[in-house]
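Here's the structure, in structure tokens; my notes come after.
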Amino acid sequence: MAKVSGHVIVCGLSALGSRVAEQLVASGVAVVVVDDRDPTGSRRRLERSGVRVVPESAHSPEALREADIDTALAVAACGDLDLDNLQTAIAAAEVAPSRRLVVSIDNAQLGDQLATAIPAATVINMADRVGPSFVEACIRSDVVHAFTLFADPATNHDQEASEVFAVVDAVVDEADAFRARYGDLTPIALRRPSDRDPVLCPPRDIPLAPGDQLTMLGRLAEFDARGLTVAGMHDARTFAEIAAVARKRQERSGSDPILRSDAGQGRLGRVRALLATIRAEFDGPFRWALAAVLTLVVLSTVVLRLTYAANDPDAPDNFDAFDALYLTVETMTTVGYGDFNFGDATHWLQAFGILLMLFGALSVAVIYAFITNVIISRKLEKALGRGRAGTVRGHVVLCGLGKVGTATMEGLLRAGRAVVVIERDEHNRFLPVARERGVPVVIGDATVRTTLLQAGLGHATAIAALTSDGVANLETVLSARDAYEELAQARDERLAARHAASKAGGRSYQRHARVAAGPTPDAGSDETALRVVLRVADASMTSEVERRFDIHTVRSAAALAAPYFVGAALGYDVISTFYVERTPFLVARMVVRPGAALVGPTLAELATGARILAVTAAAEPHRAGPNGETPAAAVNGAAVNGAAPARPNLRPSRHTRLRAGDELLAVGPVTEIVDMIRRNQRPVDARRSESLSPAGANGTAEPEERDG
């Protein structure tokens with residue numbers, strides 16, 4: 001078999017590994033897969049694309065040698081298990097110590113140790129990378145995504161020293177050209193009311209009509225400069241902070257503060273939570289028992305106040321209502337101090353005293369039993385990391401406490417959202433994390449209606465099914481949506497019935513004023529409906545599932561994480577990934593290679609199909625690495641080889657001409673960004689790419705256009 005060179009070895013055809021291999025092929029890079037599992041559909045698709053597969057374990061040095069590791073560009077370990085990826089990294093480091101390694105490790109401590117032991121390894125925590133995208137999907141906001149640039153979040157949390165970019169949804173309210181209405185903002189997607197599919201990355205001169213749905217990207221300062229009002233714009237900084245913390249977490253493992261589910265609540269909020277907890281703990285039977293005790297106390301107090309002094313010779317002359325209450329409580333609790341008694345009373349009063357003792361002692365014992373049960377249950381729930389989910393309001397129900405679920409939970413807590421977790425496995429290794437954060441956990445099957453109700457579905461704002469089983473996730477969200485709609489309908493019917501009763505009785509209650517015309521008018525609107533977030537394993541399913549089942553947000557963790565692995569393997573920096581109109585987008589930073597197709601033409605002439613957000617002109621000593629990778633210092637905006645760091649041009653025009661060594665910040669669909677990567681290869685690499693890349697991979701969208 002002919003020896004290959006300049007290729008990437010992908011070890012493990014998991015959902016992530018398959019997606020990484022597909023994107024590498026689309027980038028025009030030769031790929032060799034090492035996987036010893038039975039052939040799958042994704043493997044056969046790759047083989048049809050000309051990818052060579054070595055059907056052996058990636059832990060074997062012989063298999064890596066057969067995959068030509070000595071001439072490979074990089075090795076990507078993308079198995080499902082940290083142990084498999086660790087063994088692959090160790091074997092690859094032994095066979096080719098200088099080869100670039102990209103390793104998927106979800107355990108932060110293990111990742112830190114591996115990065116220290118193998119300096120050539122880039123360790124990526126998939127859950128931390130994709131968690132912010134699921135957090136954004138769970139929160140109802142016009143801000144789709146946000147990220148921070150030009151500051152190091154690990155050491156500088158001053159957002160004023162950073163540039164926060166936001167991706168925002170908006171509905172056009174008047175006819176105009178995009179440039180005239182939105183200025184320097186960047187159009188990402190445009191959907192006409194009559195069109196099924198959106199236009200991605202439209203030109204900035206495109207005309208707009210009322211009712212058009214527009215997605216655009218820009219700095220927060222640019223939105224402010226245009227005087228645009230965006231619902232939830234405050235979420236942009238929150239989203240950017242969550243993404244920045246996740247990006248740097250592996251560099252400072254264990255240093256993040258513990259976030260609790262009640263973080264950010266004021267004193268009034270804590271009092272309300274306490275009252276809600278008391279109401280939830282003491283359920284219907286307890287309330288009936290308490291009502292019976294109070295009724296008995298009131299009845300006995302009235303009887304004794306009216307009859308005790310006249311029917312007991314030992315009664316004091318000044319026996320009043322408070323004495324009657326005292327005697328009642330004394331008798332019901334069987335204390336018997338002896339200051340009052342029924343010993344010399346008439347027979348009927350003695351009989352009343354006997355009944356008061358019997359029924360009083362019984363009812364008080366029932367109350368004690370309820371209280372004892374609550375105390376013991378609360379202690380057990382605290383020990384097991386469970387809370388009373390029924391007391392939470394306006395929360396997110398998160399189904400599946402795996403690696404992605406845990407990262408999403410922590411991001412939601414950082415955003416100040418309440419979370420209730422549903423987990424099937426009571427021995428799940430992430431349950432202690434939820435207990436430490438004070439998050440209520442319901443142990444049960446999320447596809448069962450009873451479990452969903454225990455998690456407070458009727459008072460939730462969103463449900464996110466994030467297990468690794470896409471079919472179970474779909475069943476969960478469909479069941480949850482049906483249950484929520486039934487609960488909302490029943491609630492509206494009760495409110496309407498109460499309002500009708502109040503009108504029939506000639507009374508008016510302020511709390512019923514909002515249902516004067518029957519059920520809440522917007523009960524089914526997007527603003528009040530349950531927001532549904534679904535995780536699927538197969539990235540190709542996202543569009544169809546979202547469209548056919550009318551689900552708000554469908555995400556593939558593999559599709560969101562794969563660009564980070566591809567970027568690390570090819571030497572460019574992926575800032576963030578997100579979805580727009582069911583299409584995965586990414587924000588990438590790269591250095592223009594000498595002799596590449598990007599050198600020379602203007603942005604208008606390149607027609608890359610992606611938007612260029614910023615260009616940092618190269619200082620003379622600032623050069624791309626031998627393989628075109630971004631120097632680490634340049635990525636952080638630092639000086640390189642003593643050269644002063646250049647300030648980025650945040651408003652590149654269509655006439656901007658690129659030079660070798662320029663640093664680009666680009667945003668666009670994954671397919672268009674990988675086309676830019678192909679164009680950024682040196683001529684010899686470009687010729688090889690053309691022979692390896694599938695037909696029709698070239699981008700066709702127009703370039704970013706800005707006024708100079």
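The single condition from (1) modelled with pLDDT of 90 or more; (2) more than 21 Å from the chain's Cα centre (by Cα); (3) not small (G, A, S) that R272 fails is (1).
Kindly indicate which of G470, G458 is farther than 10 Å from V397 by Cα, out of contact with any strand residue (DSSP E or B) (no Cβ under 7 Å at 6 or more places or on another chain), surrounded by fewer than 24 Cβ atoms within 10 Å (Cβ to Cβ) and of a type outside the set (A, V, I, L, M).
Numbers: G470 fails: out of contact with any strand residue (DSSP E or B) (no Cβ under 7 Å at 6 or more places or on another chain).
Within the list G470, G458, the selection yields G458.
Look at the range 299-316: where a residue is basic (K, R) and a partner is in a helix (DSSP H, G or I) and exposed (fewer than 14 other Cβ atoms within 10 Å of the Cβ), sitting 6+ places away or on another chain with Cβ atoms under 6 Å, you get R305/A321. Counting only residues that are touching a Lys or Arg at 6+ places or on another chain (Cβ under 7 Å), touching a residue at least 60 places away in the same chain (Cβ under 8 Å) and not in a strand (DSSP E or B), the range 526-559 holds 6 of them. Condition (residue is small (G, A, S) and closer than 24 Å to T542 by Cα) applied to the range 483-504: is it met by at least one residue? Yes, some residue in the range 483-504 is small (G, A, S) and closer than 24 Å to T542 by Cα.
Total residues in the range 306-326 satisfying the condition of being surrounded by 15 or more Cβ atoms within 10 Å (Cβ to Cβ), more than 60 Å from the chain's Cα centre (by Cα) and outside any loop (DSSP other than H, G, I, E, B): the figure is 6.
Here's the yes/no breakdown for (1) at pLDDT below 95; (2) assigned by TED's automatic domain parsing to the domain that holds S5; (3) surrounded by fewer than 20 Cβ atoms within 10 Å (Cβ to Cβ):
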{"site": "G41", "(1), (2), (3)": "yes, yes, yes"}
{"site": "E47", "(1), (2), (3)": "yes, yes, yes"}
{"site": "V51", "(1), (2), (3)": "yes, yes, no"}
{"site": "P55", "(1), (2), (3)": "yes, yes, yes"}
{"site": "P61", "(1), (2), (3)": "yes, yes, yes"}
{"site": "D70", "(1), (2), (3)": "yes, yes, yes"}
{"site": "A76", "(1), (2), (3)": "no, yes, no"}
{"site": "L81", "(1), (2), (3)": "yes, yes, yes"}
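When the range 41-84 is filtered for residues that are in contact with a helix residue (DSSP H, G or I) (Cβ under 8 Å, 6 or more places away or on another chain), in a loop (DSSP other than H, G, I, E, B) and not charged (D, E, K, R), the ones remaining, listed by number, are S49, G50, V51, S57, A58, H59, S60, L73, C78, G79.
When you look at P203, is it surrounded by 14 or more Cβ atoms within 10 Å (Cβ to Cβ) and closer than 17 Å to V230 by Cβ, yes or no?
Spelling it out, it is not the case that P203 is surrounded by 14 or more Cβ atoms within 10 Å (Cβ to Cβ) and closer than 17 Å to V230 by Cβ.
Give me the residue from the range 47-102 that is β-branched (V, I, T) and in contact with a Ser or Thr (Cβ under 6 Å, 6 or more places away or on another chain) and, out of that set, farthest from T467 (Cα to Cα). Outline the logic, then answer.
Initially, the range 47-102 is screened for residues β-branched (V, I, T), giving 51, 53-54, 69, 71, 75, 88, 90, 95, 102.
Those left that are additionally in contact with a Ser or Thr (Cβ under 6 Å, 6 or more places away or on another chain): 71, 102.
On the way: T71: 38, V102: 25 Å.
That would be T71.
Taking the residues in the range 543-573 that are among the β-branched types (V, I, T) and buried (at least 23 other Cβ atoms within 10 Å of the Cβ) as candidates, determine which candidate is nearest to R247 (Cα to Cα).
Step one: of the range 543-573, the residues among the β-branched types (V, I, T) are 545, 551, 553-554, 566.
Adding the requirement that they be buried (at least 23 other Cβ atoms within 10 Å of the Cβ) leaves 554, 566.
On the way: V554: 23, V566: 16 Å.
Checking each candidate, the answer is V566.
Is there a residue being outside any loop (DSSP other than H, G, I, E, B) and modelled with pLDDT of 80 or more anywhere in the range 641-659? Yes, the range 641-659 has at least one match.
Only one of the numbered conditions (1) surrounded by fewer than 24 Cβ atoms within 10 Å (Cβ to Cβ); (2) at pLDDT 90 or above is violated by A383, and that is (2).
Residue-by-condition table, conditions (1) in a helix (DSSP H, G or I); (2) at pLDDT 65 or above; (3) crowded, with 17+ Cβ neighbours inside 10 Å:
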| residue | (1), (2), (3) |
| --- | --- |
| R247 | yes, yes, yes |
| S261 | no, no, yes |
| V302 | yes, yes, no |
| Y337 | no, yes, no |
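Scanning the range 586-616 for residues that are polar (S, T, N, Q) and either in a loop (DSSP other than H, G, I, E, B) or on the phi > 0 side of the Ramachandran plot (or both) turns up just one, T608.
The values are calculated or read from the model by the stated rules, or taken from the named source; none is laboratory data. Keep in mind it's a predicted model, so treat the numbers as computed, not measured. So basically every Cβ, Gly included, is an ideal-geometry build from the backbone, and we count neighbours across all protein chains shown.
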